[in-house]
Amino acid sequence: MRTQILAISALLTLGMSTSALADGSMSSMSMKAAAATPVAISNFKFTPAELTVAVGTTVTWTNQGPAPHTTTSLATPAVWDSGPMPRGRTYSFTFKSAGVYKYHCSIHPSMLGTVTVRPVKK
Ligand SMILES: [Cu+2]
């Protein structure tokens with residue numbers, strides 16, 4: 001899993017330098033798309049539970065509560081699965097395709113969230 005995160009970071013870095021070369025400077029749009037968006041896990045809830053981001057955005061979940069939780073895509077096969085995260089643990093996933101991604105906590109399946117990923121406007 002760590003290798004996968006490193007590979008995603010490397011790809012992101014490559015993508016950013018390519019676009020910076022292509023148009024001479026990084027636009028505010030590409031800065032925004034590359035920014036990480038936080039989701040807190042606390043009180044057996046994802047906050048915000050519904051999130052809309054641009055393609056290329058990294059979402060970082062942080063477990064702020066005492067109980068272990070996961071962030072697990074509800075797609076089959078799962079698009080991402082953090083595995084159990086103890087308090088203080090973070091998990092990041094970069095959304096590369098537009099779509100509506102529903103997820104839950106696999107330990108507490110009533111904890112639900114949605115990430116809507118919209119295409120980046122050109
Ligand atoms: Cu949970």
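The values are calculated or read from the model by the stated rules, or taken from the named source; none is laboratory data. Remember, it's a predicted structure, so these values are computed and weren't measured experimentally. Glycine gets a Cβ as well: all are built from the backbone with ideal geometry, and neighbour counts include every protein chain shown.
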| Within segment 96-109, is even one residue within 16 Å of the ligand (Cβ to nearest atom), crowded, with 18+ Cβ neighbours inside 10 Å, among the aliphatic types (A, V, I, L, M) and modelled with pLDDT of 95 or more? | no
| field | Search result, residues across segment 76-89 that are surrounded by fewer than 19 Cβ atoms within 10 Å (Cβ to Cβ) and either in a loop (DSSP other than H, G, I, E, B) or more than 16 Å from the ligand (Cβ to nearest atom) (or both) | value | THR76, PRO77, ALA78, VAL79, GLY83, PRO84, PRO86, ARG87, GLY88, ARG89
| field | Residue that is nearest to the chain's Cα centre (by Cα), among those in segment 48-75 that are assigned to a loop (DSSP other than H, G, I, E, B) and within 18 Å of VAL117 (Cα to Cα) | value | THR57
| Output for segment 35-82, where each listed residue is in contact (Cβ under 8 Å) with a residue 40 or more places away in the chain and among the β-branched types (Val, Ile, Thr) | VAL39, ILE41, THR52, VAL53, VAL55, THR57, THR58, VAL59, THR71
